[in-house]
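Input: a single structure, listed below in structure tokens.
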Amino acid sequence: QVQLVESGGGLVQAGGSLRLSCAASGTIFSLNVMSWYRQAAGKQRELVAVIRSSGSTNYADSVKGRFTISRDNAKKAAYLQMNSLKPEDTAVYYCNLAVGPYDYWGQGTQVTVSS
């Protein structure tokens with residue numbers, strides 16, 4: 001059974017930083033694609049960042065240069081370092097693990113950026 005648990009969300013002022021963590025269990029983590037998504041109130045869930053088993057990454061244009069995704073295969077964990085946060089980054093952040101044809105999701109962690 002695959003489980004993902006996010007942590008690290010909270011309330012921060014604009015310009016501040018947060019680091020989100022996602023701990024995975026029950027899968028061969030190193031062979032998979034890990035992503036962070038976010039969903040703001042009243043909006044659709046959107047892709048924020050992706051990191052593949054090769055280490056290659058992609059980012060949404062809105063977070064390029066401010067967010068950094070990383071992974072630690074030994075710890076079965078992925079991270080999202082968020083710097084220079086803006087009020088528009090306020091959302092519930094979800095980690096996603098793609099294992100072959102299957103997608104697994106965490107429960108989400110709230111990030112609130114005050115102006």
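The values are calculated or read from the model by the stated rules, or taken from the named source; none is laboratory data. Fair warning: this is a prediction, and the values are worked out from it, not measured in the lab. Here Cβ is always computed from backbone atoms with ideal geometry, including for glycine, and neighbour counts include all displayed protein chains. The protein model used for the area step is the full one, side chains on, heavy atoms only, and it has no ligands, DNA or RNA in it. Shrake-Rupley method; radii C 1.70, N 1.55, O 1.52, S 1.80 Å.
What aspartates and glutamates does K43 reach when the alpha-carbon gap must be under 19 Å and sequence neighbours fewer than 8 apart in one chain are set aside? Output for K43: D61, E88, D89.
Using the Cβ-Cβ distance between V2 and E88 with R0 set to 25 Å, the FRET efficiency works out to roughly 0.20.
At full extension, K75 and V99 could sit 6.9 nm farther apart than now, given 0.36 nm per residue minus the alpha carbon distance.
Could you list the square roots of 5 times each eigenvalue of the Cα gyration tensor of the stretch 23-95, that is, the equivalent ellipsoid semi-axes, sorted largest first and rounded to whole Å?
On the way: eigenvalues 102, 36, 21 Å².
Value: 23, 13, 10 Å, ordered largest first.
If R0 is taken as 30 Å, the Cβ-Cβ distance between S30 and R66 corresponds to a FRET efficiency of 0.65. Distance from the Cα centroid of the stretch 75-94 to that of the stretch 7-61 is 6 Å (rounded to whole angstrom).
Starting from the coordinates of the alpha-carbon atoms of the stretch 7-57, obtain the Kirkwood hydrodynamic radius over all distinct pairs and give the value in Å to one decimal.
Working: mean 1/r = 0.0754 Å⁻¹.
Taking the inverse mean of 1/r over all distinct Cα pairs, the stretch 7-57 comes out at 13.3 Å.
Solvent-accessible area of the chain (1.4 angstrom probe, protein heavy atoms only): carbon and sulfur portion equals 49 percent. Think of a 1.4 Å ball rolled over the protein heavy atoms: the chain then has 52 Å² of accessible area per residue. Evaluate the relative contact order of the chain (contact order divided by residue number), counting alpha-carbon pairs under 8 angstrom at least 6 apart; express in whole percent. Here the relative contact order equals 36 percent. The residues neighbouring L4, those whose beta-carbon lies less than 14 Å from its own, together hold a net charge of +1 under the Lys/Arg +1, Asp/Glu -1 convention.
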